[in-house]
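These notes concern the structure reproduced below.
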Amino acid sequence: MAVKAIQLGQVWRNNENGNNFLVTKVYSELFTQFAMLRPADATAANADTTRVKVAKGPDGVTLPGYTFTQDLQEF
């Protein structure tokens, strides 16, 4: 699912394992945008960050392998 922009504080769910990740940083390198993700759980302070390349499409942007959780009705 595409969104208009990747923003700090958004929560994305990993499609492989179902874990939630928090966007902690968004930055650009040359012509590519990246998002840094941390697990959205109690181990976040000690967990490693994951760098994901932002994919751009006609509907907006997305993180490949992740689903934007705020659009889901599974609370």
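Solvent-accessible area of the chain (1.4 angstrom probe, protein heavy atoms only): carbon and sulfur portion equals 50 percent.
Extending 7 Å from Cα along the Cβ direction at PHE31 and again at LYS4 yields two label points whose distance is 2.6 nm. Length gained on full extension, THR67 to ALA44: 6.4 nm, using 0.36 nm per residue less the C-alpha separation.
Pairs of alpha carbons in the chain separated by more than 15 Å make up 52% of all such pairs. Residue by residue, the stretch 12-20 carries 3J(HN,Hα) couplings of 10, 9, 5, 6, 7, 10, x, 6, 8 Hz when phi is fed to the Karplus relation 6.51 cos²θ - 1.76 cosθ + 1.60 (θ = phi - 60°); x denotes Gly or Pro.
The residues of the stretch 2-75 have, on average, 67 Å² of accessible surface per residue, using a 1.4 Å probe with all protein chains present. Using Cβ point charges alone (K and R +1, D and E -1), the dipole size of the chain about the Cα centre works out to roughly 240 debye.
The values are calculated or read from the model by the stated rules, or taken from the named source; none is laboratory data. None of these values were measured; they are calculated from a predicted model. Heads up, the Cβs are rebuilt from the backbone with ideal geometry, glycines too, and the neighbour counts pull from every protein chain shown. Surface areas here come from the heavy atoms of the whole protein model, side chains and all, with no ligands, DNA or RNA. Shrake-Rupley method; radii C 1.70, N 1.55, O 1.52, S 1.80 Å.
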